[in-house]
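Here is the structure we will look at, set down as structure tokens.
The values are calculated or read from the model by the stated rules, or taken from the named source; none is laboratory data. Note that this is a predicted model, so its numbers are computed, not measured. As a convention, Cβ positions derive from the backbone with ideal geometry for all residues, glycine included, and neighbour counts pool all protein chains shown.
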Amino acid sequence: MSEKLEKAREYEIKKEKMIPEEQRPLFHLTPRCGWMNDPNGFSVYNGEYHMFYQYYPYDTVWGPMHWGHAKSRDLITWEYLPAAMAPDEEYDKDGCFSGSAVTMDDGKHLLVYTGVRREEDENGGMHDVQTQCIAVGDGVNYEKYSHNPVVDETTLPEGAGRFDFRDPKVFKENGKYVMVVGNKTVDRDGQILQYVSDDGISWKYDRLLIKNNHRFGVMWECPDYFELDGKRVLLTSPQDMLPEELEFHNGNGTLCVIGSIDENGDFCEENFQSVDYGIDFYAPQTVLTGDGRRIMIAWMQNWDTCGIGRDDFPWFGQMSFPREVTICNNKLIQKPAREISDYYGKRISRQNVLISDSTSLSSIEGRCIDMTVKARSVGEELSYKKFEIRFADNGKAYSSIEYDPAANIVKIDRKHSGSRRAIVHQRRCRVANNRGEITLRLLLDRYSCELFINDGEQVMSMGIFTDIKAEGISFKANGELLMDVVMYELEKK
Ligand code: FRU
């Protein structure tokens, strides 16, 4: 083991002891210490889920990237494992960037990642040269391949840029290993390149899978590519997006392209949408479970809103809750992984509650809850103008969800959550027109909120860092509406 990796492993063990349990979410994975960004290497290995992540153990800001590591039997309770990789080789000395994992034919765990090496050009300018590298291991210890990198700039098709070439997602298909990689062309356009291999070690360029053609942002980061419900899905996280109505927003975003594969194996685009319509969600990665479910986890953060954290926390960055994804009518549907029900504690349910000015229901409160609210008009006509749910409320700080049934817009808002930064605090999303009927499923886990709208047709996620004692929940309508609510308290087993 290199000195760098040994140092990181020793440091994280010491540092994690200084983080009190209640300073972390109950179920969402946070870095063992320090900084976390993208999920990496999300895979099933020897019957357990493995999650690696972009990791800088020594500080709560981004730094030379390591790979942190955790595993889980049910996607919800995670156990930390020692850091898997440190930037300790010439070809990755400036970072082990994002990548993925797959089980090899001989039973070993293969990690595929981007090695970053900073280079000075002839004009004295600095550039990151990015290549694809591998490491092989047993689920705890990984050895980088002695002939890394396995994919470098010499394989690039014409027009591809060598400085932005990263985030390989590897999978097995029809007896072959396939890898899709994000790339920025010389003329600043995003594209995804596909490589194939017989053994996971020696790779050859296969095809240009998809080109942005300057539609959605610039560089396309962190691709994932899989079959789902008879469709082919490409997920990617574009940088430098321009806004489009309420579908896409400025800055870093997420993009889901739904399509199909033609007889030549080429990807044919059919539909585009955001993956998450909230504020904090980036670089999602998926895994196929033993029982055939496609599960997605993302970094529940956005590069543009990193100011949202808490100065008194020794960690930064958390993963989203694992989501089961399906395709229905060429749209991505997301639901919290069903394993959540194993963590249900007390159940509280009320039917046909009349909501007008402001209602607090006894026992409806908490910061670790799974709550489903169904709202509808009283009678045939639309009987309300606005429906608001406030949560993480202590009378001073609160966050909220607002539904405008005439405009068909849901808004999430953390402006009053205690944030002291001038960043994005509110986001709106267009939802189905159901004449005042809506289902809002809210997953709260101390420092985040994930809102699943109309059984997962849209999801809006955001971090909130309000004092943990702010537990109040209340409902308010402009007009009158009827509401059913079922709430489960979430508990660690
Ligand atoms: C996405 C990303 C990746 C890169 C990693 C570096 O969030 O920028 O493209 O591999 O983060 O930490």
Discussion item. Checking the conditions here, which among Glu245, Glu270, Glu227 is under 24 Å from Met462 (Cβ atoms), more than 14 Å from the ligand (Cβ to nearest atom) and of a type in the set (D, E, K, R)?
Written reply: Glu245
Worksheet item: In segment 350-364, what count of residues is obtained for those that are surrounded by 11 or more Cβ atoms within 10 Å (Cβ to Cβ) and under 21 Å from Glu437 (Cα atoms)?
Response: 9
Discussion item. Please determine whether any residue of segment 451-462 is at positive phi and touching a helix residue (DSSP H, G or I) at 6+ places or on another chain (Cβ under 9 Å).
Written reply: no
Item to complete: State all residues of segment 107-126 that are more than 16 Å from the ligand (Cβ to nearest atom), modelled with pLDDT of 95 or more and in contact with a strand residue (DSSP E or B) (Cβ under 6 Å, 6 or more places away or on another chain); if no residue qualifies, say none.
Response: Lys108, His109, Leu110
Response to the item:
The number of residues in segment 121-162 that are charged (D, E, K, R) and touching a residue at least 24 places away in the same chain (Cβ under 8 Å) is 5
Worksheet item: Considering segment 70-106 alone, what residues qualify as being in contact (Cβ under 8 Å) with a residue 60 or more places away in the chain, more than 10 Å from the ligand (Cβ to nearest atom) and in a strand (DSSP E or B)?
Response: Lys71, Tyr80, Pro82, Ala83, Met85, Ser100, Ala101, Val102, Thr103
Practice prompt. Confirm whether Ile348 is hydrophobic (A, V, I, L, M, F, W, C) and more than 20 Å from Glu457 (Cβ to Cβ).
Written response: yes
Item to complete: Considering only residues that are within 14 Å of the ligand (Cβ to nearest atom) and either more than 24 Å from the chain's Cα centre (by Cα) or not in a strand (DSSP E or B) (or both), look in segment 158-193 and name the one that is farthest from Leu209 (Cα to Cα).
Response: Phe163
Worksheet, complete the sentence: When segment 55-74 is checked residue by residue, the ones that are within 30 Å of Glu491 (Cβ to Cβ) and crowded, with 22+ Cβ neighbours inside 10 Å are Tyr55, Pro57, Gly68, His69
Item to complete: Kindly indicate the residue of segment 277-307 that is part of a loop (DSSP other than H, G, I, E, B) and aromatic (Phe, Trp, Tyr) and also farthest from Leu75 (Cα to Cα) among those meeting that condition.
Response: Tyr277
Discussion item. Anything in segment 190-224 that is crowded, with 20+ Cβ neighbours inside 10 Å, among the hydrophobic types (A, V, I, L, M, F, W, C), in contact (Cβ under 8 Å) with a residue 60 or more places away in the chain and at negative phi? List them, or say none.
Written reply: Trp203
Fill in: Per-region count, segment 1-57, residues in a strand (DSSP E or B) and within 16 Å of the ligand (Cβ to nearest atom)
15
Discussion item. So for segment 127-150 (the condition being of a type in the set (D, E, K, R), within 25 Å of the chain's Cα centre (by Cα) and modelled with pLDDT of 95 or more), does at least one residue qualify?
Written reply: no
